[in-house]
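Colleague: Please see the structure below; I have some questions.
Derivation of every value follows stated rules applied to the coordinates shown; laboratory data play no part. Fair warning: this is a prediction, and the values are worked out from it, not measured in the lab. As a convention, Cβ positions derive from the backbone with ideal geometry for all residues, glycine included, and neighbour counts pool all protein chains shown.
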Protein chains: 2
Amino acid sequence: MTSPVIAVVGGGQLARMMAPAAAELGVRLRVLVESPDTSAAQVVTDAPVGAASDEAAIRALIAPPAGQDVADVLTFEHEHVPNALLTDLIAHGTPVRPGPHALVAAQDKIVMRTRLHELGVPCPQWRALPASVDEGRVALEQFLAVSGGEAVVKLARGGYDGKGVRVVSGAGEADDWLVAATEGGPPVLVEEKVPFRRELSALVARRPSGEVRAWPVVESIQRDGVCSEVVAPAPGLSDDIDARAREIASDVAEGLDVTGVLAVEMFEVPLDPADPDGPTTVLVNELAMRPHNSGHWTIDGSVTSQFEQHLRAVLDLPLGSTEPVAPWTVMVNVLGSERKVLTGALPDLFERYDSARVNLYGKGIRPGRKLGHVNVSGGDLDEVRAAAKGAAALLMGEETA
Amino acid sequence: MTSPVIAVVGGGQLARMMAPAAAELGVRLRVLVESPDTSAAQVVTDAPVGAASDEAAIRALIAPPAGQDVADVLTFEHEHVPNALLTDLIAHGTPVRPGPHALVAAQDKIVMRTRLHELGVPCPQWRALPASVDEGRVALEQFLAVSGGEAVVKLARGGYDGKGVRVVSGAGEADDWLVAATEGGPPVLVEEKVPFRRELSALVARRPSGEVRAWPVVESIQRDGVCSEVVAPAPGLSDDIDARAREIASDVAEGLDVTGVLAVEMFEVPLDPADPDGPTTVLVNELAMRPHNSGHWTIDGSVTSQFEQHLRAVLDLPLGSTEPVAPWTVMVNVLGSERKVLTGALPDLFERYDSARVNLYGKGIRPGRKLGHVNVSGGDLDEVRAAAKGAAALLMGEETA
């Protein structure tokens, strides 16, 4: 008997951040990385190189030809995996968590909306556009007419971090995507542009035995469609909305049979558009079935991090406490940098912010790229937020006040 | 420009626990491991195999023949390194932290006692025994005569975890060590058997620029000469003794020019032997110039762990906050196990203790061996301690009440 082996598809920062959790639990990670120098490959000793779309590479990840131990479970740091293969792996005895029947709702926004509707989960108004330029344009025009003249067009598959999402106000503004859809590209859907007050994220984990644990609901602040800052818990959130958001996330986890970590991104919207400061409700925006940027605060701010919880969940181990360790934790992303080397910021950063928890992903610097994050915890939200933003700004090479 | 490379001598659990800290800081570890499957080798991608006593291996650790980046600093997870080589490395431009002039006081207990005496640090009564069986026996007899008939004989070098330490009540009981000393074995010293109330440990970090930070002083509970449990902070410690213990540790760090983490193990003893429950003072027992078992609680119980702090200190980065994140943290060691595989305990353990922070070292199971530890934090010391002990007992395969 030996300790469990968890196979992970994808070698980015999410797999990298699983490594400390695996080392502590005494379980072994085997990560399929895109190249030998990816974020995860730098810190995972068992990191074969291969593409997530390569069936042979995924089969070898589970049962290596060199005779290492067969993996006990297969999981993912992104959703871009071939579902037919996953179904076949399950049929031949490899647990795949989350399973392809759940994962498809994170891969395809039309499937996601359809499933959430079936579960009675509140979502923005939406419709799938026909895969024909003429019919698609007509459908979009009709949708715009009843939506105040503006709407959000999305590619059903392949989008992330603001890519594959476009706000339109004219029926012709999605023609390129409609053309692509007729030529084998991803289907297109349109959603109402929700007049949200802010964005929330409800993070839960669920294991095959059915146990579900939810972290406090957080506020997520986006810049150019990319998460820039997360405040845990969401300031001033009413008990009702907190409970409702957690309940929705748990319902989605159970309804879709998700195993592992599930992030449910939501809009908090006024119940009455004429009273923007009045009572609110929530609508589900997006799902992610893996550790998520809105949960990075848990590494330093919660008894159990989302990364350890994901590993526990996919191994069907009892889940850990999701209690916060401080009244407030703020996470700020490092998005691109003017610096040549991020670690060059550390002398200044640690001099100014001695409680800052820095996490750098070992990635090459490119404009806007997620290169790391900073967490700061404490009792005074303004101070905590200022420190997290100040520290991240130093890593980005920005001047700070 | 690239991120720093820290070279570490020794591939045990202390180097292993540096890996998550290095990954988060975005710095690179290169660890000299004893074999390809040591505790650290399992989780460090750059882990050449070699002995700590092998000069060529240490030179290659700093400047690999394959042309990887030269290490920015050399540090250690144990003290068993050849000092002449370290001195030569420094002369040729490699920072060695802690330096050999400091390290010798952690390698040789006679040097340690001599240096501490020079610094005015309170220690037990002691003397070095002459390296002759006859003269050594006479000296030991004289020492016993003025020490109440019992004393502690120690090998000056090479001891750890209760090895190389022996309580004696007769002058002939150290003959084997005295013989060995005449044949090139380590020198022998004798110390008074201190009637301590309990053992404390003061953990500090110091960087070359001079900054020193101290964690709260902890109580350390030994079983058969091996640390079994640590309570942070030490319960009921007077403000005076807390301040005094921190001051001693800071003085030692400065006086010996230690860089990195320094653990100062102390005895808390009654000022008046006739009043065992009255006011106390502290005497220094041992020093360790590296992360130490009495600091494992900081991984989950302090803003900055001793492992991150050690890396920051040896890179001369500003040190992090040493504030605790909870009123109490208790660490219990997993010392040996009746189990075949430690991870087999996790289903039961996490079911019963959902706040337990488990850390397993990936080592083969042998009786009494340090295989891992459990931290539990919280507001109620009795509950926290019961959970940490219960969780560790499950890992050891013991029945619990």
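Colleague: At B:GLN222, with labels set 7 Å past Cα in the Cβ direction, how many nm apart are the copies from this one, shortest first?
Modeller: B:GLN222 label point versus its equivalents elsewhere: 6.0 nm.
Colleague: Only Lys, Arg, Asp and Glu count, each charged at its Cβ (+1, +1, -1, -1), so figure out the dipole size of region B:125-192 about its Cα centre, rounded to 20 debye.
Modeller: The dipole of region B:125-192 has a size of about 220 debye.
Colleague: Gap in Å between the Cα centre of region B:354-397 and the Cα centre of region A:1-24?
Modeller: Computed from Cα coordinates, the inter-centre distance equals 22 Å.
Colleague: With a Förster radius of 35 Å, plug the Cβ-Cβ distance of A:ASP272 and A:SER209 into 1/(1 + (r/R0)^6) and report the FRET value to the nearest 0.05.
Modeller: Efficiency, from the Cβ-Cβ distance: 0.25.
Colleague: Per DSSP H run of at least 4 residues, take -39500 (n - 2.57); add these up for chain B, divide by its residues and hand me the 222 nm value, nearest 500 deg cm²/dmol.
Modeller: The helix contribution divided over chain B gives -9000 deg cm²/dmol.
Colleague: Here's another thing I want to ask about it. How long are the semi-axes of the ellipsoid equivalent to region B:44-202, from square roots of 5 times the Cα gyration tensor eigenvalues, in whole Å, largest first?
Modeller: 37, 17, 14
Colleague: In the protein assembly as shown, if the dipole is taken from +1 on Lys/Arg beta carbons and -1 on Asp/Glu beta carbons about the Cα centre, which of A:THR75, B:SER302, B:ALA214 is farthest to the positive end?
Modeller: The one lying farthest along the dipole's positive direction is A:THR75.
Colleague: How would you order B:204-210, B:10-16, B:318-324 from highest to lowest mean count of nearby Cβ atoms within 10 Å?
Modeller: Final packing ranking: B:10-16, B:204-210, B:318-324.
Colleague: Considering the options B:TYR353, A:MET331, A:PRO48, tell which one lies farthest towards the positive end of the dipole of the protein assembly as shown, charges being +1 on Lys and Arg and -1 on Asp and Glu at the Cβ, about the Cα centre.
Modeller: A:PRO48
Colleague: Would you mind working out the magnitude of the charge dipole of region A:271-401 relative to its Cα centre, with +1 at each Lys and Arg C-beta and -1 at each Asp and Glu C-beta, to the nearest 20 Debye?
Modeller: So the dipole magnitude of region A:271-401 works out to roughly 820 debye.
Colleague: Counting only other chains, and only Cβ atoms inside 10 Å, what mean value do you get across the residues of A:36-43?
Modeller: Average neighbour count from other chains, rounded to a whole number: 3.
Colleague: In addition: In percent, what relative contact order does region A:198-396 have, based on Cα pairs under 8 Å that are 6 or more apart in sequence?
Modeller: Result for region A:198-396 is 20 percent.
Colleague: Another question about this same structure. Nothing charged except the Cβ atoms of Lys and Arg (+1) and of Asp and Glu (-1): what's the magnitude of the dipole of region A:59-171 about its Cα centre? Round to the nearest 20 debye.
Modeller: The calculation lands at about 200 debye.
Colleague: A further question follows. In Å, what is the Rg of the alpha-carbon atoms in region A:1-112, and how long is Dmax?
Modeller: Radius of gyration, then largest Cα-Cα span, for region A:1-112: 13.4, 44 Å.
Colleague: In nm², what is the average projected area of the convex hull enclosing the Cα atoms of the protein assembly as shown?
Modeller: The orientation-averaged projected area of the Cα hull of the protein assembly as shown comes to 36.9 nm².
Colleague: For region A:125-192, divide the Cα radius of gyration by the Kirkwood radius and give the resulting Rg/Rh value with two decimals.
Modeller: 0.93
Colleague: Can you sort B:PHE307, A:PHE267 so the residue with the fewest Cβ neighbours within 10 Å comes first?
Modeller: Ordered by Cβ neighbours within 10 Å, fewest first: A:PHE267, B:PHE307.
Colleague: Distances from A:GLN68 to the same residue in each other copy, label points 7 Å out along Cα→Cβ, in nm, shortest first?
Modeller: 1.7
Colleague: Take every residue in peptide B:323-332, count the Cβ atoms of other chains within 10 Å of its Cβ, and give the average of those counts.
Modeller: That average works out to 1.
Colleague: Distance cut-off 31 Å, Cα to Cα: go down the list A:LYS340/B:LYS370; A:LYS163/A:LYS363; A:LYS109/A:LYS363; A:LYS370/B:LYS370 and report the pairs above it.
Modeller: Distance filter (> 31 Å) returns A:LYS340/B:LYS370; A:LYS370/B:LYS370.
Colleague: Tell me, for the rotation carrying B onto A, which chain B residue has the beta-carbon closest to the axis and what that distance is in whole Å.
Modeller: B:PRO20, 2
Colleague: Any idea what the A:THR281 label distances to the other copies are, label 7 Å down the Cα→Cβ vector, nm, shortest first?
Modeller: 7.4
Colleague: Please compute one quarter of the surface area of the Cα convex hull for region A:226-322 and express it in square nanometres.
Modeller: Projected over every direction and averaged, the Cα hull of region A:226-322 covers 6.9 nm².
Colleague: Quick one: pull the percentage of alpha-carbon pairs in region B:198-396 with a separation above 24 Å.
Modeller: For region B:198-396, the fraction of Cα-Cα distances above 24 Å is 41 percent.
Colleague: What is the Cα centroid distance between region A:247-288 and region A:132-162, reported in whole angstrom?
Modeller: So the two Cα centres are separated by 22 Å.
Colleague: Same structure, new question: Answer with one residue from B:CYS227, B:LEU283, B:ALA392: the one whose Cα lies farthest towards the positive end of the charge dipole of region B:198-396, charges on Cβ with Lys, Arg +1 and Asp, Glu -1.
Modeller: Sorting the options by dipole projection puts first B:ALA392.
Colleague: Roughly how many nanometres apart are two label points built 7 Å out from the Cα toward the Cβ at A:ARG59 and B:ALA51?
Modeller: So the label points at A:ARG59 and B:ALA51 sit 4.6 nm apart.
Colleague: I want to verify the translational diffusion coefficient of region A:266-311 in µm²/s; compute it with Stokes-Einstein, Rh as the Kirkwood radius over Cα pairs, at 37 °C and 0.692 mPa s.
Modeller: 255
Colleague: Another one. Chain B: Rg/Rh from Cα coordinates, Kirkwood Rh?
Modeller: 0.96
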